[in-house]
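Right, one structure below, let's go through it.
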Amino acid sequence: MGSGSWHMERRDSFKNEPVKDVEHVLENGSLSIIVLGASGDLAKKKTFPALFNLFQQGFLQPNEVHIFGYARTKISDDELRNRIRGYLVRDKGASPKDLEDVTKFLQLIKYVSGSYDTEEGFRLLDKEISETEVSRNGVDGLSRRLFYLALPPSVYPSVCRMIRHCCMNKTDLGGWTRIVVEKPFGKDLQSAEQLSTQIGELFEESQIYRIDHYLGKELVQNLLVLRFANRFFLPLWNRDNIENVQIVFREDFGTEGRGGYFDEYGIIRDIIQNHLLQVLCLVAMEKPISLKPEHIRDEKVKVLQSVLPIEDDEVVLGQYDGYRDDPTVPDHSNTPTFSTVVLRIHNERWEGVPFILKAGKALNSRKAEIRVQFKDVPGDIFKCKKQGRNEFVIRLQPSEAMYMKLTVKQPGLEMSTVQSELDLSYGQRYQGVTIPEAYERLILDTIRGDQQHFVRRDELKAAWEIFTPLLHRIDNGDLKPLPYKPGSRGPAEADALLEKAGYVQTHGYIWIPPTL
């Protein structure tokens, strides 16, 4: 095969299917990762540490990858590196190799200062990227360019326009340009669609990666394997056996330091409409015909389109006492810091099964979990109904685990029953295995061109269609949050709603993570 035909084959393969191996992606060109908003909190705390971890594990090779920071702040390369350094490894307990890796990684980072809505800064950015590309492989435009927008959504349209006009690859030799955008994707259906249209006019859907970091969590990624690779779940996963499903996110702290930002959005926009709804899709979807990203996302969209309109009597809103003491929060804020919402899916598998999404701040514990509660055992000869139902619990964070709550005979001479569990706790079962951060996995997916764990435009639209009417009623003051004490379970009315939806709480049973 001649060299010309080899190049043609390489180019076509990049266009047609996701690449599964990073070394394969980069063997014929360099990768430029551009972090826009490089001086902000998200970039320092999440984006750069994720890139460093990928670098440490060998996914980002120093001879193939260069990282650029871009922001309005006028600082030097070294000043940006020093700002990032403390977030990469904690000095206490860091090995000499870790510290050496940090130094090597920071040398890959260059910084460019400029505004987000004028061409001057982006022309300079493009010049810096192009010079690096040429120095790496000698062919302008052959590289891959990944733009990570660690920015407020309000500047997405102008930044995307500047990238499109100033920073795209110049030739079609197998390279690509991709953009990663963070949530929130709009504040309601209209603003999300407007944002999607503005970005969609500049980039093809295959170039846009809408990141929801919950889809990168280890236990969330396990959902499809659990459901579709294990025979004993297949006949149980339906309305004939499952009484209700809870998807819960709890934090034991309030909005310290970001009350003004949070007040613009509230707990539904911040957590429920995106993170928890994405988890619901994976719990409720039908089996896709393959693991190709589009087949999986097709099934998620079908679930969202099957959700019935939310009824006001199946919503409880809360706001913790002291929230409005924050000087950045308006005195008469109607923003909920807690919400329980019951969703109902109108299809053959889930008709009549409530999906309870619950999220809140300043509660009595910190955890995120999926709780699938099964129906009572018919003809209960052991009279053990009062002890509680079977539940399958997937604990997403902290202490990642999966456990099945079930009734067993209590050891001893008496025939008495007790609730116990079959437990897969990751810390015990997979000792010495580091569970990757969600951002690491998702950034690696963007490099590979795998969109399975990213939100497609029609999926985003369907999600906003579910929640926009409710959010507008809250914004207009038609629904008011109930007060609750910090450190509590939230408003008592939320527990009453759970009971009304058919959830039976287990009394006297506490799951304790196993110790090594």
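The values are calculated or read from the model by the stated rules, or taken from the named source; none is laboratory data. As the structure is a prediction and not an experimental result, all values here were calculated from the model. Here the Cβ positions follow ideal geometry from the backbone for every residue, glycine too, while neighbour counts run over all protein chains shown. Heads up: the accessible areas ignore ligands, DNA and RNA and are worked out on the full protein's heavy atoms, side chains in. Shrake-Rupley method; radii C 1.70, N 1.55, O 1.52, S 1.80 Å.
Any residue in the stretch 234-249 that is closer than 16 Å to M285 by Cα sitting within a Cβ distance under 6 Å of a residue that is modelled with pLDDT under 95 and hydroxyl-bearing (S, T, Y)? List the pairs, counting only those 6 or more apart or interchain. Sorted first by the residue in the stretch 234-249, then by its partner, the pairs are N244/Y503. In the stretch 460-516, of all residues being within 27 Å of the chain's Cα centre (by Cα) and among the β-branched types (V, I, T), the one that is farthest from G186 (Cα to Cα) corresponds to I512.
In the stretch 204-227, the count of residues that are more than 22 Å from the chain's Cα centre (by Cα) and of a type outside the set (D, E) is zero.
Output the residue which, of all residues in the stretch 180-201 that are β-branched (V, I, T) and over 16 Å from the mean Cα position of the chain (by Cα), is surrounded by the most Cβ atoms within 10 Å (Cβ to Cβ). Quick ask: steps written out before the conclusion?
Filtering the stretch 180-201 down to residues β-branched (V, I, T) leaves 180-181, 197, 199.
Filter once more, so that each one left must be over 16 Å from the mean Cα position of the chain (by Cα): 197, 199.
Values: T197: 11, I199: 24.
Among them, the one singled out is I199.
For every residue, the table says whether it meets (1) in contact with a helix residue (DSSP H, G or I) (Cβ under 7 Å, 6 or more places away or on another chain); (2) outside any helix (DSSP H, G or I); (3) open to solvent by 70 Å² or more (accessible area, probe 1.4 Å); (4) at negative phi.
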residue: V35; (1), (2), (3), (4): yes, yes, no, yes
residue: K44; (1), (2), (3), (4): yes, no, no, yes
residue: F68; (1), (2), (3), (4): yes, yes, no, yes
residue: L80; (1), (2), (3), (4): no, no, no, yes
residue: I84; (1), (2), (3), (4): yes, no, no, yes
residue: Y87; (1), (2), (3), (4): yes, no, yes, yes
residue: E128; (1), (2), (3), (4): no, no, no, yes
residue: S135; (1), (2), (3), (4): no, no, yes, yes
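Of all the criteria given as (1) touching a residue at least 60 places away in the same chain (Cβ under 8 Å); (2) hydrophobic (A, V, I, L, M, F, W, C); (3) assigned to a helix (DSSP H, G or I), the one not satisfied by F55 is (1).
So, of the residues in the stretch 352-390 that are acidic (D, E) and more than 25 Å from the chain's Cα centre (by Cα), which turns out to be nearest to L276 (Cα to Cα)? Full working, then the answer.
In the first step, residues of the stretch 352-390 are kept if they are acidic (D, E); the result is 369, 376, 380.
Then drop every residue that is not more than 25 Å from the chain's Cα centre (by Cα), which leaves 376, 380.
Details: D376: 26, D380: 34 Å.
Filtering first and then ranking leaves D376.
Condition check: open to solvent by less than 20 Å² (accessible area, probe 1.4 Å) and of a type in the set (V, I, T). Does I381 satisfy that? No; evaluated as a whole, the condition is false for this residue. Restricting attention to the stretch 336-357, which residues are in contact with a strand residue (DSSP E or B) (Cβ under 7 Å, 6 or more places away or on another chain) and either without any contact (Cβ under 8 Å) to a residue 12 or more places away in the chain or not in a strand (DSSP E or B) (or both)? Within the stretch 336-357, P336, T337, V353 meet the criteria. Whenever a residue of the stretch 103-114 is over 18 Å from A50 (Cβ atoms), its partners that are at pLDDT 90 or above and surrounded by fewer than 19 Cβ atoms within 10 Å (Cβ to Cβ), lying with C-beta atoms within less than 6 angstrom and at least six residues away or across chains, give the pairs V112/L124.
Filtering the stretch 375-401 to residues that are under 28 Å from E251 (Cα atoms), of a type outside the set (A, V, I, L, M, F, W, C) and modelled with pLDDT of 80 or more leaves R389, N390, E391, R395, Q397, P398, S399, E400.
Mind listing whichever residues of the stretch 277-291 are part of a loop (DSSP other than H, G, I, E, B) and modelled with pLDDT of 90 or more? I'd like the intermediate steps shown before the answer.
Within the stretch 277-291, the subset part of a loop (DSSP other than H, G, I, E, B) is 285-291.
Across the stretch 277-291, the qualifying residues are M285, E286, K287, P288, I289, S290.
On inspection, D240 does not qualify as open to solvent by 10 Å² or more (accessible area, probe 1.4 Å), of a type in the set (D, E, K, R), assigned by the TED database to the domain that holds I474 and within 30 Å of P152 (Cβ to Cβ). Counting the residues of the stretch 463-492 that are closer than 30 Å to Y403 by Cα and touching a Gly at 6+ places or on another chain (Cβ under 8 Å) gives 3.
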